[in-house]
Amino acid sequence: MIKFSKIKKVRESIKLGLGVLVALLGVYALVYHLSTWILEVFLIFLSVVVFREAIVLGFKENKVRFLVSLCLFFFGAFPIGLEFGVFDFLPLVMDMAVDSYVLSSLVIVFGLFVIVNNALDLLGWDI
């Protein structure tokens with residue numbers, strides 16, 4: 001019979017690998033100037049995944065994950081909303097374009113956040 005702690009370690013190891021993949025995607029996007037549309041949609045997807053994880057694992061213990069998901073959603077959805085004219089009802093004119101360097105840097109920072117968070121969980125440090 002498999003112990004619960006082994007299942008948790010395997011799950012955290014998989015999350016650690018996904019964090020490495022996300023960070024590598026951010027580096028790829030930074031070097032090869034990936035389209036901002038792709039990065040914005042990817043950030044929205046990541047925000048939904050992190051938000052779901054924060055809700056499933058309990059909001060009281062995962063306030064940081066909730067704030068990270070809101071930040072990712074803002075940086076992903078706000079430029080798309082400006083592009084499609086969702087915010088045209090506002091009394092001031094907004095012309096904001098987020099550069100692909102900023103979005104890819106945000107993806108890299110999120111990947112590093114996932115790596116550090118899951119590495120600390122694997123070591124048994126509760127933060």
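Of note:
- Members of segment 59-112 found to be of a type in the set (D, E, K, R), assigned to a helix (DSSP H, G or I) and either open to solvent by less than 100 Å² (accessible area, probe 1.4 Å) or under 15 Å from S35 (Cα atoms) (or both), listed by number: R65, E83
- Within segment 41-58, considering residues that are at pLDDT below 90 and open to solvent by less than 40 Å² (accessible area, probe 1.4 Å), the one nearest to L70 (Cα to Cα): V50
- Residue in segment 1-22 that is open to solvent by 90 Å² or more (accessible area, probe 1.4 Å), more than 18 Å from D121 (Cβ to Cβ) and in a helix (DSSP H, G or I) present: no
- Matching residues in segment 25-40 - criterion: being open to solvent by 100 Å² or more (accessible area, probe 1.4 Å), in a helix (DSSP H, G or I) and more than 13 Å from G76 (Cβ to Cβ): Y28, Y32
- Tally of residues being farther than 28 Å from F84 by Cα and not aliphatic (A, V, I, L, M) across segment 17-64: 9
- Restricting attention to segment 118-127, the residues that are free of Cβ contacts under 8 Å to residues at least 24 places away in the same chain and either in a helix (DSSP H, G or I) or within 18 Å of the chain's Cα centre (by Cα) (or both) total 2.
The values are calculated or read from the model by the stated rules, or taken from the named source; none is laboratory data. Note that the coordinates shown come from a computational prediction; the quantities given were computed from them, not determined experimentally. Quick reminder, even Gly has a Cβ in these numbers, built from the backbone with ideal geometry, and neighbours come from all protein chains shown. Note: accessible area is taken over every heavy atom of the protein model, side chains too, but ligands, DNA and RNA are not part of it. Shrake-Rupley method; radii C 1.70, N 1.55, O 1.52, S 1.80 Å.
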